1. Show the residue pairs that are 6+ apart or on different chains and have beta-carbon atoms under 7 Å apart, the first residue being within the range 150-166 and closer than 20 Å to Asp73 by Cα, the second being open to solvent by 50 Å² or more (accessible area, probe 1.4 Å).
2. If the Cβ limit is 7 Å and pairs must be 6+ apart or interchain, which residue in the range 181-205 that is in contact (Cβ under 8 Å) with a residue 60 or more places away in the chain and on the phi < 0 side of the Ramachandran plot pairs with which residue that is in a helix (DSSP H, G or I) and open to solvent by 80 Å² or more (accessible area, probe 1.4 Å)?
3. Just to verify a result, which residue in the range 27-36, among those that are of a type in the set (A, V, I, L, M, F, W, C) and surrounded by fewer than 14 Cβ atoms within 10 Å (Cβ to Cβ), is nearest to Asp79 (Cα to Cα)?
4. Looking at Leu126, Leu168, Leu142, Leu176, which is the one that is farther than 24 Å from Tyr13 by Cα and in a strand (DSSP E or B)?
5. Looking at the range 4-22, I want the residues that are farther than 18 Å from Tyr40 by Cα and have a partner that is among the aliphatic types (A, V, I, L, M) and open to solvent by 10 Å² or more (accessible area, probe 1.4 Å) with Cβ atoms under 6 Å, at least 6 apart or on another chain. Which pairs are those?
6. Please go through the range 125-141 and give me each residue that is within 13 Å of Val165 (Cα to Cα), open to solvent by 20 Å² or more (accessible area, probe 1.4 Å) and either aromatic (Phe, Trp, Tyr) or in contact (Cβ under 8 Å) with a residue 24 or more places away in the chain (or both), ordered by number.
7. Of all residues being at pLDDT below 95 and open to solvent by less than 60 Å² (accessible area, probe 1.4 Å) in the range 45-59, which is farthest from Lys34 (Cα to Cα)? Just the residue, please.
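The values are calculated or read from the model by the stated rules, or taken from the named source; none is laboratory data. As the structure is a computational prediction, the values presented were derived from the model and not from experiment. No Cβ is skipped: glycine too gets one built from the backbone with ideal geometry, and neighbour counts run over all protein chains shown. We work out accessible area using only protein heavy atoms, side chains counted, and drop any ligands, DNA or RNA first. Shrake-Rupley method; radii C 1.70, N 1.55, O 1.52, S 1.80 Å.
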Amino acid sequence: VNEYGIYTISSIYLDNEQLQCYYETINNDFFRQKVRLRVYGKHNTAESPAFLEIKGKIDGLVVKRRVRMRLGDAMAFIDECVEKKYDFDIEKYESTNPQILKELRQVIVSKNLKPVNVVSYERLPLVALEDKGLRITFDFLLRTRGDELDLTKGTHGEKACPKNVAILELKTEKDLPYWLGKILGKYNYRNQTFSKYCSHYAPMRVNVKQK
């Protein structure tokens, strides 16, 4: 993080020719999955740590599994899944969880996924002192691109969200504490879905009162 506690996140999202993952999301399907490759920071190289993830939702419950790899290895793994399907030695890739890596190949190959866009944004994370399982994050300056699908090429892209809008997420391992519920009620916040991946195809357009 920088001196303000903010860091940059960039992800390559995978989808197929039919944009199955996109339509699963906007149609709010009971079960849906996304595969993405994520890095942190503004400048990354092939040696940088990266996280290859499966993020699924089952009736609103988020289930995420991920492996840590070198960025260059992760991009090469995706390329082999797209081009060679199952016809390559998966054991040559070092990762923190080989079993999840096999599951990732199964999903990529069975759904004919390939890299389709890059999403980048800045994040301010807050962690509760008394409950490390409670996190509040503000994501802003959301930008996307459909070319240069390489996370070593920087975090540039077209704006997909107004600059004076932040995406607020509450992440907890149990029920929200009473004090936080009171704050949400005070400002009339309501739960709603928002997909950073889908914002590449449908940028957020909202009216915000200017002070």
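1. Thr152/Thr45; Thr155/Lys42
2. If the second residue must be in a helix (DSSP H, G or I) and open to solvent by 80 Å² or more (accessible area, probe 1.4 Å), the pairs left are Cys198/Ile26.
3. Step one: of the range 27-36, the residues of a type in the set (A, V, I, L, M, F, W, C) are 30-31, 35.
In the following step, the residues that additionally are surrounded by fewer than 14 Cβ atoms within 10 Å (Cβ to Cβ) were identified as 30-31.
Values: Phe30: 29, Phe31: 26 Å.
Ranking the candidates gives Phe31 first.
4. Just one listed residue meets the conditions, Leu126.
5. Listed pairs, sorted by first residue: Asp15/Val116.
6. Hits for the range 125-141 are Phe138, Phe140.
7. From the range 45-59, those at pLDDT below 95 are 55-59; that's our starting set.
Okay, now just the ones that are also open to solvent by less than 60 Å² (accessible area, probe 1.4 Å), so 56-57.
On the way: Gly56: 6, Lys57: 9 Å.
Ranking the candidates gives Lys57 first.
Conditions tested, residue by residue: (1) within 16 Å of the chain's Cα centre (by Cα); (2) open to solvent by 30 Å² or more (accessible area, probe 1.4 Å); (3) under 19 Å from Val63 (Cα atoms); (4) of a type in the set (Phe, Trp, Tyr).
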site	(1), (2), (3), (4)
Thr8	yes, no, no, no
Leu14	yes, no, yes, no
Glu17	no, yes, no, no
Cys21	yes, no, yes, no
Arg38	yes, no, yes, no
Gly41	yes, no, no, no
